[in-house]
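Quick note: the coordinates plus some simple rules give every number you see, no bench work behind them. Everything numeric here is computed off the predicted structure, so don't read it as measured data. Neighbour counts are summed over all protein chains in view; Cβ atoms, including those assigned to glycine, are modelled from backbone coordinates with ideal geometry.
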Amino acid sequence: MKKIALFGYSSHAYVVADAIRLNGDELIGYYEKEKAHADPYGITYLGYEQDKDALTPLKANGISGFVGVGENNIRKKIMHFLKSQGVTCTPVIHPSAMVSGMATVGAGTLVAAGAKVNPLASVGAGVILNTGCIVEHECSIGDFAHIAPGAVLAGNVTVGEDAFIGANAVVKQGVSIGRNVVVGAGAVVLKDIPDNQTWVGNPAKEIRK
Ligand SMILES: CC(=O)SCCNC(=O)CCNC(=O)[C@H](O)C(C)(C)COP(=O)(O)OP(=O)(O)OC[C@H]1O[C@@H](n2cnc3c(N)ncnc32)[C@H](O)[C@@H]1OP(=O)(O)O
């Protein structure tokens, strides 16, 4: 049984907390700037990670962290901070998810309920593979990306660091999606997408602001 401390305690963190508990691991509490108003899991407030000595109990007892924040850039910032402080993040894989024994999943990554990761897929650190998404064979997912619920990445798709693939989007096999790209909900992506762009629709096209 692992002991895990959550960083963040709202919305996305609730999903992470559920997976931790269903795995039979121990959720020892949460870090947030302030004590949360809602406490659906009845867990201990451990303080604000930026405060002096707040992380000492984790480091002293070899307890792992998990950053339960949906925003890619905030999750990334907190994970980098924890690394600088010597706190290790663990992956969390929901018991109903399917991860091939021939796939790799990085530190601090959530594989949510019903998600599937097929052989030779490589999933980076701090990634969210959200509810029911499919990451097919040989896909490569960069650190801090988020594959939203129901999205399907066909074989050999590459997703860059910090990218967001919206709910129920479909990405054709072999397509390469750049860093920090946003793909809208329900999009069908048939072509490579350069870094920092937002694409929507079927077939997906860039929306410019
Ligand atoms: C567990 C969870 O909840 S995980 C989160 C899952 N959430 C999602 O998957 C949502 C993904 N987000 C989206 O699809 C958003 O609409 C975004 C990010 C693509 C665009 O958001 P914004 O930048 O705010 O764009 P905005 O809403 O202003 O729309 C701009 C234009 O694009 C269109 N558009 C926006 N999203 C989409 C979409 N998904 N598909 C088709 N067209 C879209 C709008 O209709 C609008 O068109 P118009 O200019 O002709 O009126």
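Points to keep in mind about this one:
- For the chain, diffusion coefficient by Stokes-Einstein and Kirkwood Rh (Cα), 20 °C, 1.002 mPa s, µm²/s: 125 µm²/s
- Pairs beyond 25 Å (Cα-Cα), from Lys116/Lys191; Lys76/Lys116; Lys77/Lys191; Lys3/Lys52; Lys83/Lys191; Lys2/Lys116: Lys77/Lys191; Lys83/Lys191
- Helix 12-22 vs. the chain, principal-axis angle (Cα, 0 to 90°, nearest 10): 70 degrees
- Farthest toward positive dipole pole in the chain [+1 Lys/Arg, -1 Asp/Glu at C-beta], among Val127, Ala113, Phe66: Val127
- Three-way shape call for the stretch 3-90 based on the alpha-carbon gyration tensor, with the a/c threshold at 1.5: rounded
- Cross-link partners of Lys172 among aspartates and glutamates, defined as those whose alpha carbon lies under 19 angstrom from its own and excluding same-chain residues fewer than eight positions apart: Glu136, Glu138, Glu161, Asp192, Asp195, Glu206.
- The stretch 3-90, relative contact order [Cα under 8 Å, separation at least 6], %: 32 percent
- Relative contact order of the stretch 91-208, defined on C-alpha pairs under 8 angstrom at six or more residues apart (%): 15 percent
- Relative contact order of the chain, pairs being alpha-carbon contacts under 8 Å that are 6 or more residues apart, as %: 11 percent
- Dipole magnitude for the chain: computed about the Cα centre from +1 point charges on Lys and Arg Cβ and -1 point charges on Asp and Glu Cβ, it is near 200 debye.
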